[in-house]
Amino acid sequence: MRHVGVWRGVAVFTLANIILALTITGVAMRLAGLEHRLLGYTIALTCSITIMPPLIAGLLALIQRLDRAERALHRLARTDELTGLPNRRALLQAAAPAHSSDGPTALLFIDIDHFKRVNDAHGHQTGDEILQYVSAEIANRLRHGDQLCRYGGEEFAALLPATDATAAHDLAERIRRHLARTSIVLDNDDRVSVTLSIGIATTHDVDTARIHRLIDRADRAVYRAKHAGRNCTRQA
């Protein structure tokens, strides 16, 4: 249904039904020894053309709606509603393609510093605006093929295929420095500044089973960055 479409499906099924109806009618009339076969064929053809297309169209339209709903649910299950980014589940699923890339894979674990303090001072609406802004700014500085997700709360994770520790550190620093010197203009025209603490972990062997270990290493590197005073980057 995803590729055929309702009306093409109706045409195909109607044609198949006409052929089947005419065949059955012909066999039945022959076995019964009935005359006026043209009348029988006409009745079978008329019923097939007038009755079956609406039934088939309704059934195929229902199947198509169910298919769209299934795809929408699948997308929602892998997408963060606030930022529009993939969520933690999507990050875990992205580990397998990263395994097939050339060279090592890096993971940036990014935490907004003092985010609770910002929420308490400005309200959760402002917090949501900041999360949306920060996610967009990070995404704009990643490369094609990198996978950014909202890991949870004020935490983001970026899976970087074919990226060694040096390249990952350079990218993390560009992101961190950009946010540190940028004021976020809110809907009420207030300005808020935020900084990031970023942890980096790299591996040559990442897959769905090992991604948890890589995330744990990057997460511990974030805590090292926070203990070092925040607004900095640390390697695992």
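Derivation of every value follows stated rules applied to the coordinates shown; laboratory data play no part. If you're wondering where the values come from, they're calculated on a predicted model, not measured in any experiment. Every residue, glycine as well, gets a Cβ built from its backbone with ideal geometry; the counts of neighbours run over all protein chains shown.
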Quiz item: How far, in nm, would the chain grow between residue 174 and residue 212 when pulled straight, counting 0.36 nm per residue and subtracting the alpha carbon separation?
Solution: 11.1 nm
Quiz item: For the peptides 150-161, 18-29, what is the packing order when you average, over each peptide's residues, the other Cβ atoms within 10 Å and list the highest mean first?
Solution: 150-161, 18-29
Quiz item: Spin-label point model (7 Å from Cα, Cβ direction): what's the residue 140 to residue 205 distance in nm?
Solution: 4.0
Quiz item: Whole-Hz Karplus ³J(HN,Hα) for region 111-123, in order, using 6.51 cos²θ - 1.76 cosθ + 1.60 and θ = phi - 60°, x for Gly and Pro?
Solution: 10, 6, 5, 6, 5, 4, 5, 5, 4, 5, 7, 10, x
Quiz prompt | Residue-span extension gain [residue 192 to residue 18] - 0.36 nm each, minus C-alpha spacing | solution = 55.7 nm
Quiz item: What's log10 of I(q)/I(0) for region 88-235 at q = 0.10, 0.17, 0.18, 0.22 Å⁻¹, Debye sum over Cα points only, no solvent?
Solution: -0.32, -0.89, -0.99, -1.38
